[in-house]
1. Within region 263-290, take every residue that is open to solvent by 10 Å² or more (accessible area, probe 1.4 Å) and of a type in the set (A, V, I, L, M) and give me the one that is nearest to the chain's Cα centre (by Cα).
2. Limited to region 99-131, what total is found for residues that are hydroxyl-bearing (Ser, Thr, Tyr) and over 17 Å from Asp212 (Cα atoms)?
3. Can you name every residue in region 336-346 that is assigned to a helix (DSSP H, G or I) and either within 16 Å of the ligand (Cβ to nearest atom) or without any contact (Cβ under 8 Å) to a residue 60 or more places away in the chain (or both)?
4. Run down Ser383, Ser363 and say which single residue is in the same structural domain as Leu444 (by the TED database), within 22 Å of Leu342 (Cβ to Cβ) and more than 16 Å from the ligand (Cβ to nearest atom).
5. Please specify each residue of region 531-547 satisfying the condition of being open to solvent by less than 10 Å² (accessible area, probe 1.4 Å) and within 16 Å of the ligand (Cβ to nearest atom).
6. Here is a check on your reading of the model: is Asp162 under 24 Å from the mean Cα position of the chain (by Cα), among the charged types (D, E, K, R), open to solvent by less than 50 Å² (accessible area, probe 1.4 Å) and under 19 Å from Ala121 (Cβ atoms)?
7. Report yes if Arg340 is in contact with a helix residue (DSSP H, G or I) (Cβ under 7 Å, 6 or more places away or on another chain) and more than 30 Å from Thr9 (Cα to Cα), otherwise no.
8. Do you know which of the residues in region 514-527 that are in contact (Cβ under 8 Å) with a residue 24 or more places away in the chain and buried (at least 23 other Cβ atoms within 10 Å of the Cβ) is nearest to Pro403 (Cα to Cα)?
Amino acid sequence: MQLYNRSITDSDRFWSEQAKSLLHWSRPFERVCQGNFADGDVAWFTGGTLNAAYNCVDRHLPHRAHQTALIYEGDELGEGYSLTYHQLHARVCRVANALLSMGVRRGDVVTLYMPTSPDLACAMLACARIGATHSVVFAGFSAGALRDRLAASGSRMLLTCDVGKRGGKTLELKKIVDEAVGGTDLVHHVGVFRRDPDAAQQRSEGWEESRDVDMNELLPRMRPYCAYVSMEAEDPLFILYTSGSTGKPKGLVHTTGGYLLQAAMTTKNTFDLKDGDVFGCVADVGWITGHTYCIYGPLLLGATSVLFESTPRYPHHGRYWDLIDRHRITQFYTSPTAIRTLMKFGTDKIKEYKLDSLRVLGSVGEPINPEAWTWYFKNVGHSRCTVVDTWWQTETGGHMMAPMPGMTPLKPGSCTLPVYGVQPALLDPLTGEEIEGDDVEGLLVVKRPWPGMARTIHGDHHRYMDVYFNSYRGYYATGDGARRDENGYYWITGRVDDVVNVAGHRIGTAEVESSLASHDGVSEAAVVGFPDPSKGQGLCCYVTLNMGTPSTPEFIAELKAQVRRDIGPFATPDVIVITPDLPKTRSGKIMRRILRKLAEGEPSALGDTSTLADPSVVERLVATQFWVK
Ligand code: WT7
């Protein structure tokens, strides 16, 4: 608590100490923090230079060369391999030299469309080593979504794998890439990691000699040392796309100095990371959780990190417990959705495995209900591990609120208190005034800059200001609502904007709407979330049809397929309601609040409907008695 207070009242000194003790600087920084939210010009550690790959790998070589850096567990049980820091260094250098040989230079954006694997880790660190900015696109995205992100980031180089594997299914990644970039001049090169050694002949199909590069052939020819580039603290380290309430996905830009510090500090404090720990974050590296807590955080601290490519239920629902047991995992980090799914199977399977290596159990992605929290604590942690519910966002780079093991008293379902340097507040949505005191609820905002915050939206700083800083001047708007209880503890209540969180996947309803509306038969679409006991939320889509379009089950299936194709399988609508009209205001705005209530199964709690242009639209929707539950 004392240190937290100091991180707020004497923040420059606090962050300066943290930055010096957790990172290696090639040149020391001159200033700690400058700029502010209102001007959108925040910068940290200016004057300082450093390299992310040096910090994650090289600096551990003198004393950890033969320690395991990465444990890779593939899709099949027990399939995989480990890399020591020495081996990781050589691989990162080879990939870095390969990128250089293909013409990638400092400041270029390299897109990585790869499944969770050491190849992806090496590709990220290789980019960082030569000063290129990586843009990882989750390997569950469709060809169209990949093409959009490639084009938006201006990336000329793409790395991928021949295939990915998840839950026993094969993802034809190279084929998706061919579909995304074929016939365009978006990329100069596609580097392909072959994961299936017997599939050399696969090269023939869709292989373009002038564009495609076989990484398995190229890498052995590369030198296993590559000089690293000293980057300015504020130089971008990566871009990561995420969904917002409107428009196209936002390419959030994270910087080298500030982001790395947030990653290192929170990994250490929230997870009580110690020498010899085996850190098991089972998120996909394609999302921010994987970036920060599979790759950068643990490697910055010289830990052993587990990369898990499969799913909690493949080949059976004891997969996590087997993983923890076999690799002697000390910190395990997963999502409430996964916990709730596994709860359904009872505890018999858990008892078959030894989970005594565990010390800390993490949760991230959505609010964890007290029931799931308690189940996790009792049955996985045997009531002797700390459960850390970590609240943060792609935008924040690392944890913003989370308990510290052994220090913060826990409450099941609460992410407890802010981490060092973070000052949250609650605002009244109408007046924009700060709500003081405890036992209150409001919009969750942050009052002062923190090192890991995203600095801009790639190519659109104006949008960055609009989304995060312009609605409440002087604050960072998180888009979440929260309650502060009688002890000052925070409880996240969920998004207050048009973003839906389905099984930990963040989905902008506007993206799903535009996919649906692009179908010839569709006139208009409005998408809302509704509570789902296992996934947290599901997607409910209200659709109006063009004249002559049949509202058959086949047509509904076609619409679902369209969304899968445009965005990815994780965004598949759960429910599609065909309706003759959508409820609108007199100025023509769709009243999503009403649709949300209907989808939630609360037709009697629609609130004020006086601004509706045509109240009979709602009456008709209510009369169809469609709602979930
Ligand atoms: C949104 C951010 C941060 C990594 C994973 C998701 C929700 C995240 C929690 C939590 C309640 C949470 C919020 C947030 N969220 N963690 N512990 N308790 N809600 O990153 O895709 O950027 O989504 O996820 O609504 O705004 P993301």
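1. Result: Ile288.
2. 2
3. Selection gives Pro336, Thr337, Ala338, Ile339, Arg340, Leu342, Met343.
4. The conditions single out Ser383.
5. Within region 531-547, Gly538, Leu539 meet the criteria.
6. For Asp162, the condition - under 24 Å from the mean Cα position of the chain (by Cα), among the charged types (D, E, K, R), open to solvent by less than 50 Å² (accessible area, probe 1.4 Å) and under 19 Å from Ala121 (Cβ atoms) - is met.
7. Yes.
8. Top of the filtered list is Val527.
The values are calculated or read from the model by the stated rules, or taken from the named source; none is laboratory data. If you're wondering where the values come from, they're calculated on a predicted model, not measured in any experiment. As a convention, Cβ positions derive from the backbone with ideal geometry for all residues, glycine included, and neighbour counts pool all protein chains shown. Note: accessible area is taken over every heavy atom of the protein model, side chains too, but ligands, DNA and RNA are not part of it. Shrake-Rupley method; radii C 1.70, N 1.55, O 1.52, S 1.80 Å.
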